[in-house]
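Encoded as structure tokens, the structure appears first; notes follow it.
The values are calculated or read from the model by the stated rules, or taken from the named source; none is laboratory data. Everything numeric in this text was worked out from a predicted model, so none of it was measured. Remember, those area values only see protein heavy atoms, side chains included, never the ligands or the DNA or RNA. Shrake-Rupley method; radii C 1.70, N 1.55, O 1.52, S 1.80 Å.
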Amino acid sequence: VKTDLLILDDFGLTYLENQQRMDFLEMIEDRHGKKSTIIASQLPVATWYDVIGEETIADAILDRIVHTSYRIELKGESLRKKL
């Protein structure tokens, strides 16, 4: 909570294990309504339930994230293909 802005990049590359799930919930709970969090992911939010793993915990996390967030969804081909 001490950090004003927390950036989580590439969220969802692997499925969360039980302790990771609980830590993520605690982190989001502590920051909710107090500090800013940016979560970048290549996965649509609808698939985050699978990544988080436990439906009840996923509901708790996503309730705190989704309803108070600004979502920016990029469309089109990846710029990496042009490199």
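In the context of the full set of protein chains, the chain has a per residue accessible area of 81 Å² (1.4 Å probe). Taking Cα pairs under 8 Å and at least six residues apart, what relative contact order does the chain come out at, in percent? Computed value for the chain: 37 percent relative contact order. From zero up to wherever the largest Cα-Cα distance of the chain sits, split into 5 Å bins and tell me the percent of pairs in each. Using 5 Å bins, I get a P(r) of 3, 13, 24, 26, 18, 8, 6, 3, 0 for the chain.
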